[in-house]
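The block underneath contains the structure these notes are about, expressed in structure tokens.
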Amino acid sequence: MRRAGNPGRSGHALSLRSARDIFAARERLAEVFGVPDSSRFVFAGNATVALNQAIKGILRPGDHVVTTSVEHNSVMRPLRRMEGAGVSISVVQAGRDGIVDAKAVSAAMRKETRLVALVHASNVSGSLQPVGEILRAARRRGVFTLVDAAQTAGSVPIDLSTLRVDLLAASGHKGLLGPQGTGFLYVRKGVPLVPLIEGGTGSRSENDRQPDFYPDALESGTQNSVGMAGLSVSLAWLLRMGVEKIRRKEMEIMGVLLDGMAKIPRVTLFGPRDPARSASVLSFLVEGMDPAETGLRLERRFGIMVRAGLHCSPNSHRTLGTFPEGTVRISPGPFTTMKQVALFLSALRKISSGA
Amino acid sequence: MGDSSPREMILIFRGTHQVMSAEKRLKGGGVPMRLIPVPRRLTSDCGLAIRINPEERERAREVLAAAKLLPVSAHLLRGEGVYEEVKF
């Protein structure tokens, strides 16, 4: 492990190398999201840890939260836990296309509302939420905002210099193309967040109180510097390629998939039919076939790997009308080719026709 | 002490991220510097510090102030292991 020195704990070459890897990852992350001060990007083991930090770090007993019916369990479960600690929650119902009405979110805000927590794009239907409008409404009311960008970071352009979100969490291993075990939370300057975890930071070692400056305030214990080295390389690639270009490519692929799949008998699509209203995630069902069986056939016969089932988001499935069976989900990425798309469509035709 | 013109100025920052940011800015601004382990006599922290030539102090200050990255303290090496804290 030539890269596994512990940054901030020493000045030797391996420690320095790790510090540089983490710094490079943080700087590139800030560049991807249009933020000048990279110290506001705090690394976490995954998006779930980042979301837990955001939710449990900002809510206090007596606070009210507005969220949506298409949230992942990584948002809903921490919120439900906080409900037990004196926080009240309003869940705004999204439409059958998985898109929530910004006005309904706005109407759910009360005097004691402290946070609006919402997913940027559903991990089940891919539906992109009207985040801009919701963030503006929350801002007018002085309500903090948390966006779960797990499905969009690195795949849909997000410019935090114009999108005024207070907290944004994402994983490193999806659209950001990094290793598993990496994730981050962006915290806008001035947003009061209590650390979820306290401990050694390598800074202010003479003091037994947690430092209040970023990123150290929210980054205790040995960091995943090996993972960050990987993330930093994928972010460099992402910056060279440009998220705009990736988005255009993925929209083109989604367009072909949506058109092609809509023509296949016995196949039902969930979520928006317009690639512009969707992230690169698509759910479907083959009539009369268990989603797990569809997934199994796609892999066994055609080598196509998909996710089948409930996708850790029961409320999304209730919203789409696919609870408790779930759906089959595909998610084309920047390396997906049109040849692969054609292969998939042909495979699905065969499976759905019983061939 | 004898030597009236110290050859080293050590800049201490709040945390590793701030040291790395300062290094990037100083290098970008063409200020010669070196990243070093924090001398134990200066802080109990176990991280990194930046060493510059005291003659570069003004340029370093300009670059770091513009980036809102001023060090928490600055020290001149007055002799073997003897540092004097100075205003930066």
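Here, each number is a calculation from the coordinates, and none is a lab measurement. Remember, it's a predicted structure, so these values are computed and weren't measured experimentally. No Cβ is skipped: glycine too gets one built from the backbone with ideal geometry, and neighbour counts run over all protein chains shown.
Our estimate of slack between B:Glu62 and B:Arg34, defined as 0.36 nm per intervening residue step minus the Cα-Cα distance, is 8.3 nm.
Considering helices alone, the calculated mean residue ellipticity of the protein assembly as shown at 222 nm is -11000 deg cm²/dmol, with DSSP H runs of length four and up weighted by -39500 (n - 2.57) and normalised per residue.
Regarding the protein assembly as shown, what's the average projected area of the Cα-atom convex hull, expressed in nm²? Write out the running numbers ahead of the final one.
Details: hull surface 93.5 nm².
One quarter of the hull surface, i.e. the mean projection, equals 23.4 nm².
By other beta-carbon atoms within 10 Å, ranking A:Thr337, B:Thr43, A:Thr268 with the fewest at the front produces A:Thr337, A:Thr268, B:Thr43. Each peptide among B:9-19, A:280-290 gets the average number of other Cβ atoms lying within 10 Å of its residues, and from highest to lowest they stand as B:9-19, A:280-290.
Considering every residue in A:203-215, what mean count of other chain Cβ atoms within 10 Å of its Cβ is obtained? Present the calculation step by step, with values, prior to reporting the outcome.
Values: counts 12, 6, 5, 3, 2, 0, 0, 0, 2, 1, 4, 4, 4.
Per residue, the average neighbour count from other chains is 3.
Could you list, in their original order, any pairs among A:Lys263/A:Lys350; A:Lys189/B:Lys68; A:Lys189/B:Lys24; A:Lys103/A:Lys189 whose Cα atoms are separated by more than 19 Å?
Checking Cα-Cα distances, A:Lys189/B:Lys24; A:Lys103/A:Lys189 exceed 19 Å.
If the only charges are +1 at each Lys and Arg Cβ and -1 at each Asp and Glu Cβ, what is the size of the charge dipole of the protein assembly as shown around the Cα centre, to the nearest 20 debye?
Dipole size: approximately 620 debye.
The convex hull of the Cα atoms of chain B, projected and averaged over all directions, covers 5.1 nm².
Per-residue packing, averaged as other Cβ atoms within 10 Å, sorts the ranges A:230-241, A:69-80 into the order A:69-80, A:230-241, beginning with the highest. Springs between Cα atoms under 10 Å define the GNM used for chain A, and in it the highest mean-square fluctuation of A:Arg247, A:Arg26, A:Arg301 occurs at A:Arg301. Peptide B:17-24 is shielded by partner chain Cβ atoms: per residue, an average of 6 of them sit within 10 Å of its Cβ.
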